[in-house]
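> Shown below is the structure under consideration.
The values are calculated or read from the model by the stated rules, or taken from the named source; none is laboratory data. For clarity, every value in this text was computed on a predicted model and none was experimentally measured. Ideal geometry is used to build each Cβ from the backbone, glycine not excepted, and the neighbour counts take in all protein chains shown.
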Amino acid sequence: MMMTTAGLQGELVRLVAPEPDRDAELLAKWSRDAEYLRLLDSDPARQWSVKKYKEWIEKDLDKERTDDFFFLIQALTDDADKKWRPIGFVGLGGIRWTHGDAWVGIGIGEREYWGKGCGTEAMRMILRFAFDELNLHRVSLTVFEYNVRAIRSYEKAGFKVEGKLRQLMRRDGRRWDLIFMGILKEDWRNDYDYTCT
Amino acid sequence: MEMNPSLFEGRLVRLTSVDPDKDAEIERKWTHDLEYLHMLTEQIAMPLSIFQIKKRYEKLEKEMEESGRQFYFAVRAKAAAGHESPDRLVGFVNLSWIEWSHGSGRLSLGIGSPQDRRRGYGTEALQLIMRYAFHELNLFRVEAAVPEYNRIALPFFAKSGFAEEVRQREALHRYGRRWDLVYMGLLSDEWEETRKTRDVNREA
C-alpha cells in the first residue's frame, strides 16, 4: 500500500524552511511595520539588524530539532506566471513532549495578504504537522484582545477560547486582556485527503 | 506616612538569597519527592545531584542579573528567639517572566519538605512576595500556573484573592490521564482590597 503523505502545501500557501541569506532581510523588513509587531508580540516594539535576524535563523536551523519548528509561509502570486512569494512565518515552540502540548505563533508580514485566508490556511497546515506528524495532543496560543482579525482566524482553524489573563497588556494608554486559545486533537478536523492507492 | 521597613521578613519566615553550599544538599532531598515536583511544574520530574543544583543556582543568579526580569528568594523559617540555630531553608518563591512595559509577572512557590507544610510558611511567604510584587516592583498583576491535580495550591491561591482566569484543557498528562492547567491571577487593586480586610480582621 502506498500513501500520499500530507505535504505542507495548500491552495493558497505552503510552508518552507527559511534560508538565512534570503529571508533575514524579509523578517527585518516586516518588523519595520509597528502594527505588525504589536499584533505579534508583547515585547516592546523595537528594531533589530538584518545580521541579527540572520543569526537567529541560522541558530534555529543549526540546532537539534527537539522543541521548536519554524517555517516561512509562501503564497502563490496572482499574476500569470504564479510564483511562490514569502509573506510571513509560522512556528511551533515550547513543545512539552511528555504532555503532548505546544505553543504556536504566526505572523503575516506582507500587508496585502491580510484578511485573505492565507494565515488561516497556514495555521491549518501547521496543525496538520502538529497532530499528524508530531502526534501532539493539543496546541496552544495567546492572542491580544485587540487583535480581532487573528481571533476570528484562529476560531476558523478550530481553536477555542480557554480564558484570559485579565488586563495583562498595557498599550496606547489602556489595558487589554491576554486571551488563551487551544485546540485538542479530537476537535481538529483533518481536511487533508489521504489517498491510498 | 508609614514605610514598611522589613520587606523580606515576616513573623515565621524570611526571604533571602540562595546559599549554594548549604542549600544544595537540602534541595537535593526535595528532588527525590516526585509528587512535590509534579505539584510545581509540568517538567519531567527526576532526582538531581548537589552538583546539578549548584549549577542551577549559578544559572539562576546569572539570569536574574542579566535579564532583570526575575526575582527568586529562598524561604527560610526564622530561628526561635533566644536560639542560636540559624534560619532553616524550607522552600522558595519566584517571580519570573516579568514584562516591565505591561507590569505583569509569573509567580511560583514551593515548600519542599512535607513536615514543613501546613505550618503557615507558604501563606506568609505568599504575603511577602505579593507585597514585594505590588509595593516594591510596582507590578500591575501576577499570575500562577497550577496543575488541576494540585488540590492544595488552588484553594491556597484562591484564599489570598487570586481568581481563576484560564483553563488550558488537557494540557497535562499524568497518573494515566489528562488534566487541565489552570492560571490564577491577582490584580494590584484586588490585592490592596484583601489587605485592608485582613488588617481590619487583625485589629478586631
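> Step by step: first the residues of segment B:6-46, then only those that are in a loop (DSSP other than H, G, I, E, B) and hydroxyl-bearing (Ser, Thr, Tyr), then the one that is surrounded by the fewest Cβ atoms within 10 Å (Cβ to Cβ). Which residue is that?
Taking the candidates together, the pick is B:6.
> Which of the residues belonging to segment A:141-167 are among the hydrophobic types (A, V, I, L, M, F, W, C) and either over 24 Å from residue A:121 (Cα atoms) or more than 13 Å from chain B (Cβ to nearest Cβ) (or both)?
Scanning segment A:141-167 gives A:148, A:150, A:151, A:157, A:165.
> OK, next. Could you name every one of the strands (runs of 3 or more DSSP E) located completely within segment B:100-204 that has at least 1 residues being buried (at least 20 other Cβ atoms within 10 Å of the Cβ) and within 13 Å of the chain's Cα centre (by Cα)? Even if it seems obvious, please write down each step before you answer.
Values: elements: B:104-111, B:141-147, B:163-174, B:177-187.
Once the strands (runs of 3 or more DSSP E) in segment B:100-204 are filtered for at least 1 residues that are buried (at least 20 other Cβ atoms within 10 Å of the Cβ) and within 13 Å of the chain's Cα centre (by Cα), what remains is B:104-111, B:141-147.
> Tell me the residue from A:138, A:170, A:174 that is within 14 Å of chain B (Cβ to nearest Cβ) and in contact with a His (Cβ under 7 Å, 6 or more places away or on another chain), please.
Checking each option against the conditions leaves just A:170.
> Mind counting the residues in segment B:173-191 that are in contact with a Gly (Cβ under 8 Å, 6 or more places away or on another chain) and either among the charged types (D, E, K, R) or farther than 16 Å from residue A:175 by Cα (or both)?
4
> Can we say residue A:130 is assigned to a helix (DSSP H, G or I), buried (at least 20 other Cβ atoms within 10 Å of the Cβ), more than 10 Å from chain B (Cβ to nearest Cβ) and in contact (Cβ under 8 Å) with a residue 40 or more places away in the chain?
For residue A:130, the condition - assigned to a helix (DSSP H, G or I), buried (at least 20 other Cβ atoms within 10 Å of the Cβ), more than 10 Å from chain B (Cβ to nearest Cβ) and in contact (Cβ under 8 Å) with a residue 40 or more places away in the chain - is not met.
> Tell me which residues, restricted to segment A:171-186, are of a type outside the set (Lys, Arg) and out of contact with any strand residue (DSSP E or B) (no Cβ under 6 Å at 6 or more places or on another chain).
Selection gives A:172, A:173, A:186.
> Look at segment A:65-111 and say how many of its residues are in contact with a helix residue (DSSP H, G or I) (Cβ under 9 Å, 6 or more places away or on another chain), assigned to a loop (DSSP other than H, G, I, E, B) and modelled with pLDDT of 95 or more.
Total meeting the criteria: 3.
> Could you tell me which numbered condition residue A:45 fails, if it satisfies all but one of (1) closer than 20 Å to residue A:143 by Cα; (2) assigned to a loop (DSSP other than H, G, I, E, B); (3) in contact (Cβ under 8 Å) with a residue 40 or more places away in the chain?
Against the list (1) closer than 20 Å to residue A:143 by Cα; (2) assigned to a loop (DSSP other than H, G, I, E, B); (3) in contact (Cβ under 8 Å) with a residue 40 or more places away in the chain, residue A:45 comes up short only on (3).
> Of the residues B:169, B:174, B:141, B:178, only one is of a type in the set (Lys, Arg) and farther than 15 Å from residue A:99 by Cα; which?
The unique qualifying residue is B:141.
> While we're on this one: For residue A:180, only one of the following conditions fails: (1) surrounded by fewer than 21 Cβ atoms within 10 Å (Cβ to Cβ); (2) within 23 Å of residue A:108 (Cα to Cα); (3) at the interface with chain B (Cβ under 8 Å from one of its Cβ atoms). What is its number?
Among (1) surrounded by fewer than 21 Cβ atoms within 10 Å (Cβ to Cβ); (2) within 23 Å of residue A:108 (Cα to Cα); (3) at the interface with chain B (Cβ under 8 Å from one of its Cβ atoms), residue A:180 violates only (1).
> In addition: Scanning for something in contact with a strand residue (DSSP E or B) (Cβ under 6 Å, 6 or more places away or on another chain), part of a helix (DSSP H, G or I) and surrounded by fewer than 19 Cβ atoms within 10 Å (Cβ to Cβ), does segment A:146-160 turn up at least one residue?
Yes, segment A:146-160 has at least one match.
> Any residue at all in segment A:112-120 that's buried (at least 16 other Cβ atoms within 10 Å of the Cβ), hydrophobic (A, V, I, L, M, F, W, C), within 15 Å of the chain's Cα centre (by Cα) and in a helix (DSSP H, G or I)?
Yes.
> So, in segment A:9-21, how many residues would count as being surrounded by 18 or more Cβ atoms within 10 Å (Cβ to Cβ) and farther than 18 Å from residue A:109 by Cβ?
The total comes to 1.
> Residue B:92 - would you say it is within 17 Å of residue B:134 (Cβ to Cβ) and crowded, with 18+ Cβ neighbours inside 10 Å?
The answer is no for residue B:92.
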